[in-house]
Amino acid sequence: MNRREFLGSGSIAGAGLLGRGIAGGSAVVLGGALMGAASSAKAAGYWTESQNLNNLKMASEFSMREYAKEFPELKTSRDFLSGSEVSKFSEMQRSKSNDWIKRVFSFAESALAEVPPSFDRSPEREGAFLMLDYPFIVDNMSKNTPQSAKDAWFSAMKEVYGGRSERLVKLLEGPSPEEGVDVFKFYNAGIILKSAGECVAIDLRSQFAIPFTPKEIKAIVKKVDVLFITHFHGDHTDTPLIEAFLKAGKNVFAPDPTAISRELAEAYPNNFISVYKEDGESVVQVGGALVRAFGARHLIWSKRENACPNNVYLVEMGGLKFVHTGDNGDVEVYKKIGKDHKVDVLFPAIWAKMISAITHTGAERVVTIHEQELGHQPHARVEYRWIYDQIEDMKTGGGEYDESAVPWVRSQIDEFRSVWKKDFPKFAVLARGEKIHILPQ
Ligand SMILES: [Fe+2]
């Protein structure tokens, strides 16, 4: 079964948010949201439609049922297909309750927990991530969403994801790999790299509406040697965490510390350190790890000089080279990196020229970042389906994109297909707090 069949047109197309055409549509939505009135109007129409909670509920219920039938070997599926769950499904169809939000969060996360992340294609994981798009795009910010649904959404999210920071801490406290690097992904663009000798974090922050506890902050700071921040935006920074690093005498690097917190920048001038060289490269040694900061700019659709500074970090440790893009929009940086380095693993923001980042860094292994960032409004959260749509379009050259709204997606796909001469890159998609072990190839 391919994804288009699973979550494709068929009987749930009526839900208004599924299938190929809509995948293109979601590209329009993101571009539209950031581009201005004309495209936003189009986006608004789409989102109003998809925000019909009943549509989301039906799509979720349908997806869980189809998923369980497709992957009966998973315990999650067997539990769902057991008598009581099936009758619950029919009750659910009739009921007006918001219970589906918690059910689908739990179902998808339980399936993900059964199939650990890897660079091999996993229809089980892909199906689970696509399922998560439904509850994640509930509009908790709109005044049109009933308070009862908002409450159900918040409590379900907190219940399912509340323990994630604790789990991350436990994993972090585990033994360091003897060889290679453990990669931890957390929430949005948070990546922690842990080798035998070093532990480096980039853009680590707590989850939306679920702050790290003081105990968790303490444990993270104890384990992590240094924190790098790509740019000052709130979805990449966590002030209490930064402050704890600084207080502990550890270094935090960012293009402009004062843009994150003037107070902290002034209080800790020696270890809240500005590292940014416009169109240049700065090098920071952290124990046995070498971190290069390439000065670039955040992706925007207007003039480059209006975009905030954004470092692309290249981290060399454990015999591997990793690149974290932040929200970079400057493709020249990737060309420079690809020319001078053999990049092992790329962490690209899936909305910010991901395909160009792959094409030009030449990375054959990709761990995606920046999915479902809940501080954004639903239309700009960037669904998991973006990942799989882009992969499919890289493979086939297909995809329908509205060039006026997203001029760069079509050209990125075409460029990838004309430039890329190696095996097709391998992708690993990690849920919040998951870990994958990377060895040199
Ligand atoms: Fe971001």
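Here are some notes:
- Residue 350 vs. criteria farther than 24 Å from residue 252 by Cβ, touching a strand residue (DSSP E or B) at 6+ places or on another chain (Cβ under 8 Å) and within 13 Å of the ligand (Cβ to nearest atom): yes
- Test: residue in the range 280-293 that is surrounded by 22 or more Cβ atoms within 10 Å (Cβ to Cβ) and touching a residue at least 24 places away in the same chain (Cβ under 8 Å): yes
- Test for residue 228: is it within 22 Å of the chain's Cα centre (by Cα) and surrounded by fewer than 20 Cβ atoms within 10 Å (Cβ to Cβ): no
- Which numbered condition residue 212 fails, given (1) outside any loop (DSSP other than H, G, I, E, B); (2) under 23 Å from residue 183 (Cβ atoms); (3) more than 16 Å from the ligand (Cβ to nearest atom); (4) of a type outside the set (Val, Ile, Thr): (1)
- Scanning the range 331-349 for residues that are assigned to a loop (DSSP other than H, G, I, E, B) and either at pLDDT below 95 or in contact with a Leu (Cβ under 7 Å, 6 or more places away or on another chain) (or both) returns 341, 344.
- Residue satisfying all of: in the range 118-143; over 16 Å from the mean Cα position of the chain (by Cα) and among the aliphatic types (A, V, I, L, M); surrounded by the most Cβ atoms within 10 Å (Cβ to Cβ) among these: 138
- When the helices (runs of 4 or more DSSP H) confined to the range 115-208 are screened for residues that are without any contact (Cβ under 8 Å) to a residue 24 or more places away in the chain and away from the ligand (no atom under 16 Å from the Cβ), those reaching at least 2 such residues are found at 147-161.
- Test set (1) in contact with an Asp or Glu (Cβ under 9 Å, 6 or more places away or on another chain); (2) modelled with pLDDT under 95 - residue 295 fails condition number: (2)
- Qualifying residues in the range 250-265 (those that are free of Cβ contacts under 8 Å to residues at least 40 places away in the same chain and surrounded by fewer than 22 Cβ atoms within 10 Å (Cβ to Cβ)) - the one nearest to the ligand (Cβ to nearest atom): 261
- Within the range 419-429, at least one residue is at pLDDT 95 or above and part of a helix (DSSP H, G or I).
- Breaking point among (1) within 13 Å of the ligand (Cβ to nearest atom); (2) in contact with a strand residue (DSSP E or B) (Cβ under 9 Å, 6 or more places away or on another chain), for residue 361: (1)
- Here residue 372 fits the description: within 16 Å of the ligand (Cβ to nearest atom) and assigned to a loop (DSSP other than H, G, I, E, B).
- Residues of the range 231-249 classified as surrounded by fewer than 19 Cβ atoms within 10 Å (Cβ to Cβ) and away from the ligand (no atom under 13 Å from the Cβ), total: 5
- Filtering the range 300-332 to residues that are in contact (Cβ under 8 Å) with a residue 40 or more places away in the chain and of a type in the set (Val, Ile, Thr) leaves 300, 312, 315, 323, 325.
- Where a residue in the range 220-236 is assigned to a strand (DSSP E or B) and its partner, wherever it lies, is within 15 Å of the ligand (Cβ to nearest atom) and not small (Gly, Ala, Ser), with Cβ under 6 Å and at least six apart: 228/202; 228/313
- Within the range 421-430, the residues that satisfy the criterion of being buried (at least 16 other Cβ atoms within 10 Å of the Cβ) and out of contact with any Asp or Glu (no Cβ under 7 Å at 6 or more places or on another chain) are 427, 428, 429, 430.
- Within the range 307-347, the set of residues being more than 16 Å from the ligand (Cβ to nearest atom) and surrounded by fewer than 21 Cβ atoms within 10 Å (Cβ to Cβ) comprises 316, 319, 331, 332, 335, 336, 338, 339, 340, 341, 342.
The values are calculated or read from the model by the stated rules, or taken from the named source; none is laboratory data. None of the values given here were measured: they were computed from a predicted structure. Glycine also receives a Cβ, built like all others from the backbone with ideal geometry; neighbour counts cover every protein chain displayed.
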